[in-house]
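Student: Attaching a single structure in structure tokens format; questions to follow.
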Amino acid sequence: MPIVYILGMNIHARLSLVLSCLLFGATLAAVPLATQLSFAHIPPLLAQDSLTGQLVEPEEGSVEAFTAQALGEPYTLAWVERYVPEDVRYSFVRTFDQDLSLLLPQTMLTFGKAVHRQESLSVPFRYGKEMRSGTFVWIEMEPGEYTLLSISLNP
């Protein structure tokens, strides 16, 4: 409605209009979020983060889900054997041992959308109560199977 028309209404008409808007808004707010989002014609996008980029929910089989799995497990020899290629394990452990022993396992995580490079996939994430940031860089060996190339953690 044009603003001039609204201003020209008497007080009762304006009050009725405001109450109608409030009732409609309250009714829509009472609907579950999933239903509200289903009214949209395009799928909703999660927020952007200044350090991790476009936030995503890890989907099963994705590199983000694989990263979530790796970050959720305790740092053990089995972890190294599972995620780190055999030919670089010694140098990888010497480089990242202390960081990984302090980092893993994590329960508070958010993920940025993986960045696909020519040979690798970088998965940015935030972790812990302080929401620090980090990145795991993977190489895809087979569909859904990745091996860890490097880690960066920002304080």
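Student: Condition first: more than 14 Å from Leu149 (Cα to Cα), touching an Asp or Glu at 6+ places or on another chain (Cβ under 9 Å) and not in a strand (DSSP E or B). Now tell me which residues in the range 110-130 satisfy that.
Tutor: Those that are more than 14 Å from Leu149 (Cα to Cα), touching an Asp or Glu at 6+ places or on another chain (Cβ under 9 Å) and not in a strand (DSSP E or B): Lys113, Ala114.
Student: Go through the residues of the range 130-143 one by one and say whether even a single one is under 21 Å from Val56 (Cα atoms), free of Cβ contacts under 8 Å to residues at least 24 places away in the same chain, assigned by TED's automatic domain parsing to the domain that holds Val63 and among the charged types (D, E, K, R).
Tutor: Yes: one or more hits.
Student: Turning to a different aspect of this structure: Consider the range 131-155. How many of its residues are within 16 Å of Ser50 (Cβ to Cβ) and outside any strand (DSSP E or B)?
Tutor: Counting residues in the range 131-155 that are within 16 Å of Ser50 (Cβ to Cβ) and outside any strand (DSSP E or B) gives 2.
Student: Okay, moving on. I'd like to verify a number: residues in the range 75-121 that are aliphatic (A, V, I, L, M), surrounded by fewer than 17 Cβ atoms within 10 Å (Cβ to Cβ) and touching a residue at least 60 places away in the same chain (Cβ under 8 Å), how many?
Tutor: Going through the range 75-121 one residue at a time, the tally reaches 1.
The values are calculated or read from the model by the stated rules, or taken from the named source; none is laboratory data. Here the structure is a predicted model, which means the values were calculated and not measured. Note: ideal-geometry Cβ built from the backbone for every residue, glycine included; neighbour counts use all protein chains shown.
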